[in-house]
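The values are calculated or read from the model by the stated rules, or taken from the named source; none is laboratory data. Computed from a predicted structure; not experimentally measured. No Cβ is skipped: glycine too gets one built from the backbone with ideal geometry, and neighbour counts run over all protein chains shown. Heavy atoms of the whole protein, side chains included, go into the accessibility calculation; ligands, DNA and RNA do not. Shrake-Rupley method; radii C 1.70, N 1.55, O 1.52, S 1.80 Å.
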Amino acid sequence: LLAIFSSFSLAAEMRVVSLGGPLTEIVYALNAGHRLVAVDQSSTYPAAAAVLPKVGYYRQFSLEGVLAAKPDLILASDQAGPPEALDQLRRMGRRVVVLPSGADMASLEKRIHGVADALDLANDGQAMLSKLQQQVKALSQKPSNTKALMLMSRTGEPEGAGKNTSADAMMTLAGMSNVLATQQGYKPLSQESIAALRPDVLITTQRSVQSMGGIAKLLATPGLAQSPAAKNKRVLVMDDLLLLGFGPRLPEALRELNTLSRK
């Protein structure tokens, strides 16, 4: 009995650093946010994560920042780096758990199980996953002829999401046809190429809209302004992490995407 009590006490006192927004969301979804002592800059949800110490962006995190948090456990996306920094943490006796970042249900299941197991919350993780799977199944749409364009912008210039992106995976679950299905990843889009795509619906993110000077300016972009999406106002602006994180809020993201089919 004492051993069981001790293990619960150690778990409750566990100091955790998360390197990846979706992993941070899972920790909070498991009601274990109180164990987080630092997160990376992509950890923008929930609001409680915003006030935690930051250790840089997960792809190039600060080793010193992680060590300053004195963590017992580091949860890291498989895109976290540099790899040498993760290796150094291991050599210093820190427990590092690396989890897949793929935008598919199999990877999401591994993320949830991985985080839950590392936090000694395996049963909670399984319960959360079962509920999520049921919701995603109910919200997923059959393939349709709705032509969708996912626009991103980090520098003020538009980029479109092709295959092997979180955006494409989300469009597929929502039953939409990605107009850029023949390209891989994110690629810059010219006015001419946007005009030729003629999407029925346009999906973008809040940061992208800010980067491009606001929604009115975005929709007035030559090429896009004449598209069915702009003319019929079938446009959806979503929280970046909600749309692209492929995390525990996946059902919520699908509900938002499904509103486009009803416009």
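For VAL237, state whether it is open to solvent by 40 Å² or more (accessible area, probe 1.4 Å), within 21 Å of MET170 (Cα to Cα) and of a type in the set (Val, Ile, Thr). Taking the combined requirement at face value, the residue satisfies it.
What is the number of the single condition among (1) farther than 16 Å from SER227 by Cβ; (2) surrounded by 18 or more Cβ atoms within 10 Å (Cβ to Cβ); (3) charged (D, E, K, R) that LYS137 does not meet? (2) is the only condition that LYS137 fails.
If I ask for residues that are surrounded by 15 or more Cβ atoms within 10 Å (Cβ to Cβ), of a type outside the set (Asp, Glu) and in a helix (DSSP H, G or I), which ones from the range 89-109 would you list? Reasoning before the result, please.
As a first pass, look at the range 89-109 and keep what is surrounded by 15 or more Cβ atoms within 10 Å (Cβ to Cβ): 89, 94, 96-103, 105, 107-109.
Those still in the list that are of a type outside the set (Asp, Glu) too: 89, 94, 96-103, 105, 107-108.
Result: LEU89, MET105, SER107, LEU108.
Scanning the range 136-154 for residues that are within 21 Å of ALA195 (Cβ to Cβ) and in a loop (DSSP other than H, G, I, E, B) gives ASN145, THR146, SER153. Counting only helices (runs of 4 or more DSSP H) wholly contained in the range 157-231, the ones carrying 2 or more residues that are in contact (Cβ under 8 Å) with a residue 12 or more places away in the chain, open to solvent by less than 20 Å² (accessible area, probe 1.4 Å) and closer than 17 Å to ALA103 by Cα occupy 166-173.
Of these, ALA127, ALA80, which one is out of contact with any His (no Cβ under 7 Å at 6 or more places or on another chain), in a loop (DSSP other than H, G, I, E, B) and of a type in the set (A, V, I, L, M)? Steps first, answer last, please.
Numbers: ALA127 fails: in a loop (DSSP other than H, G, I, E, B).
Going through ALA127, ALA80 in turn, the sole match is ALA80.
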